[in-house]
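**Q** Would you mind keeping the following structure in view while I ask a few things?
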Amino acid sequence: MSNWVKDLARRVARKTYPRLRSARRQTGDAVTKRPFKTALVKQALDVFGPWSGVLWKDTSPERLFDMWPGKAVYWELTCVLKADWYIIPQTLETDYTRDAIRRVAGRAELTEKHVKNITPPEDIPFSDYDVVITFDPILSPPKLSRILYAYYVQEHWDGIYAQSLRKPAPNYDLFLDHMMAAPNRLRALPQPVSFPYIHDHRLMRSLFGSSQQEAAWVDWRTLMTLAMKQLGEAWCPEAQAELYRLQDSLGIEIRCRTSNQAKTYGISDSPQWGDAAHYFRELAECRYYVAVGRIAGAGQALADAAALGCLCIGQKDKPYHRLLCHPLCLCKGMADMPRRLRALRENPELQHEVLAFQDAELLEHFHVRPLNHLQSAIQMKDPR
């Protein structure tokens with residue numbers, strides 16, 4: 001191991017191991033001070049989430065994928081909370097709606113054709129729930145209610161996001177900020193609060209655990225960056241050439257999904273039911289995950305990889321990367337990545353340390369802390 005790695009490892013250890021011991025003392029059971037029942041509510045033209053309303057008692061973690069095309073962003077949230085899903089008619093036109101649906105020819109018709117079990121808001125039994133989480137502020141919650149109403153904003157570039165960072169939408173109690181720019185402490189209701197997408201690495205590995213191969217999954221945007229292409233462009237021969245060049249340079253097999261990247265939100269002309277589960281299985285087979293370059297958003301794909309047990313190389317300008325990546329695996333930029341990946345591959349002891357670090361950070365920041373926010377907010381709203 002090179003001297004710079006040894007020196008940094010010693011300095012990191014002094015800061016890291018106390019954090020690991022603290023996080024290991026916290027378990028998923030510790031957050032459940034009082035059981036709560038959750039409803040998740042989305043609009044009919046929202047491409048995220050399942051495309052059919054479904055109660056948890058009528059499905060399972062595996063069966064959810066059969067009605068879930070595209071990214072499985074809220075799949076772990078659903079499983080952890082054992083939540084019921086409701087789909088309501090389209091009531092709010094957002095910047096996200098215009099980008100995901102309106103600007104794509106035929107996308108509205110495709111969605112309307114395949115979305116099932118739509119329920120008018122007045123027919124949802126809200127009184128059966130302790131927590132109602134919506135995707136965008138699509139409901140008009142009652143002013144006096146014991147139920148906790150919270151919402152995510154689907155895209156951080158949507159105008160609703162900036163408004164919600166200042167103050168939650170009328171009669172909502174919490175704005176759940178997946179970009180983590182909001183305060184990370186819950187002080188009073190209503191308020192915006194830092195709230196990443198929920199992850200459960202034990203669930204992920206129980207369903208998708210695989211014998212890992214000496215291969216690196218590289219985010220397609222890293223290869224587009226190397227090819228000097230814009231992220232909105234289709235996969236191209238230049239990006240494919242960069243994949244081969246990077247593979248030769250690093251001396252490791254590179255894997256990457258390229259077929260869906262040109263389709264906005266991963267939605268093809270015919271919904272690919274179960275595709276997210278196939279993606280998780282493919283990703284879980286890789287020992288390493290690399291995401292550097294022009295990576296959009298908070299860095300959710302790296303969190304998926306960490307939950308599956310991949311050893312992750314990320315970059316400092318992404319909030320999820322900063323939380324999850326071991327300091328020896330966090331890059332300043334593209335040029336920093338090769339030596340950090342080589343150092344990780346050459347050191348089995350470091351690999352064990354990195355995995356322990358990632359698991360502890362996932363548990364603390366993407367499971368225990370956000371669920372504690374919900375629990376605390378429920379008690380603020382209804383202190384019985």
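Every number in this text was worked out from the coordinates using simple rules, so none of it is lab data. Here the structure is a predicted model, which is why all the values come from computation and not from measurement. Here the Cβ is made from the backbone with ideal geometry for all residues, glycine too, and neighbour counts use every protein chain on show.
**Q** Taking the chain as the reference, fit the longest principal axis to its C-alpha atoms, fit the long axis of helix 348-363 to the helix C-alpha atoms, and give the angle between the two in degrees, 0 to 90, nearest 10.
**A** 10 degrees
**Q** Roughly how big is the chain's charge dipole about its Cα centre, with Cβ charges of +1 (Lys, Arg) and -1 (Asp, Glu), in debye to the nearest 20?
**A** Approximately 1520 debye in magnitude.
**Q** Evaluated at 10 °C with a viscosity of 1.306 mPa s, what Stokes-Einstein diffusion coefficient in µm²/s does segment 286-384 have when Rh comes from the Kirkwood expression over alpha-carbon pairs?
**A** My calculation gives 111 µm²/s for D.
**Q** Which residue, chosen from ILE147, SER270, LEU186, occupies the Cα position most advanced towards the positive end of the dipole of the chain, where the dipole is computed from +1 (Lys, Arg) and -1 (Asp, Glu) charges on Cβ about the Cα centre?
**A** Result: LEU186.
**Q** Taking a quarter of the surface of the Cα convex hull of segment 289-338, what do you get in nm²?
**A** Over all viewing directions, segment 289-338 projects a mean Cα-hull area of 2.9 nm².
**Q** Over the alpha carbons of segment 202-364, what is the largest minus smallest coordinate on each principal axis, giving the biggest first in Å?
**A** Cα extents, longest axis first: 43, 34, 28 Å.
**Q** Here's a follow-up. Would you report the distance distribution of C-alpha pairs in segment 117-242 as whole percents per 5 angstrom bin, up to the bin with the largest distance?
**A** For segment 117-242, the pair-distance distribution reads 2, 9, 14, 13, 12, 13, 13, 10, 8, 5, 2, 0.
**Q** Just to confirm the number: angle between the C-alpha axis of helix 275-284 and the first principal axis of the chain, 0 to 90 degrees, nearest 10?
**A** 30 degrees
**Q** A follow-up question, please. Per residue of segment 103-114, in order, report the coupling 6.51 cos²θ - 1.76 cosθ + 1.60 (Karplus, θ = phi - 60°) as ³J(HN,Hα) in whole Hz, putting x for Gly and Pro.
**A** Each residue of segment 103-114 in turn: 7, 9, 4, x, 5, 4, 5, 4, 5, 4, 5, 9 Hz.
**Q** Quick one: putting +1 on the C-beta of Lys and Arg, -1 on the C-beta of Asp and Glu, what dipole do you get for segment 197-274 around its Cα centre, in Debye to the nearest 20?
**A** Using Cβ point charges on Lys, Arg, Asp and Glu, segment 197-274 gives about 220 debye.
**Q** When CYS325, CYS310 are ordered from fewest to most other Cβ atoms inside 10 Å of their Cβ, what list results?
**A** Listing CYS325, CYS310 from fewest to most nearby Cβ atoms yields CYS310, CYS325.
**Q** Using a Gaussian network model of the chain whose springs link C-alpha atoms within less than 10 Å, name the residue from LYS82, LYS318, LYS143 with the highest mean-square fluctuation.
**A** Between LYS82, LYS318, LYS143, it is LYS143 that shows the largest mean-square fluctuation.
**Q** If packing is taken as the average count of other Cβ atoms within 10 Å, what order do 226-233, 326-333 fall into, highest mean first?
**A** By packing density, highest mean first, the sequence is 326-333, 226-233.
**Q** Between TRP157 and SER206, what is 0.36 nm times their sequence separation minus the Cα-Cα distance? Round to one decimal in nm.
**A** The TRP157-SER206 span can extend by a further 14.2 nm.
**Q** Would you mind ranking SER194, SER376 so that the residue whose beta carbon has the fewest other beta carbons within 10 Å leads the list?
**A** Fewest-to-most Cβ neighbours within 10 Å comes out as SER376, SER194.
**Q** Now for a different question. Please give the contour-minus-distance gain from LEU55 to GLN379: 0.36 nm per residue of separation, less the Cα-Cα distance, rounded to one decimal in nm.
**A** Full extension of this stretch gives 114.2 nm more.
**Q** 7 Å from Cα along Cα→Cβ at both ASP248 and ILE118: what's the point-to-point distance in nm?
**A** Here the answer is 5.3 nm between the modelled labels.
**Q** Here's something else I'd like to know. Quote the FRET efficiency, to the nearest 0.05, computed for ASP99 versus ALA181 with a Förster distance R0 of 22 Å and r equal to the Cβ-Cβ distance.
**A** In this case the efficiency is close to 0.60.
**Q** How about LYS37: which aspartates and glutamates have a C-alpha closer than 17 Å to its C-alpha, ignoring those fewer than 8 places off in the same chain?
**A** ASP29, ASP58, GLU76, ASP84, ASP128, ASP130, ASP173, ASP382
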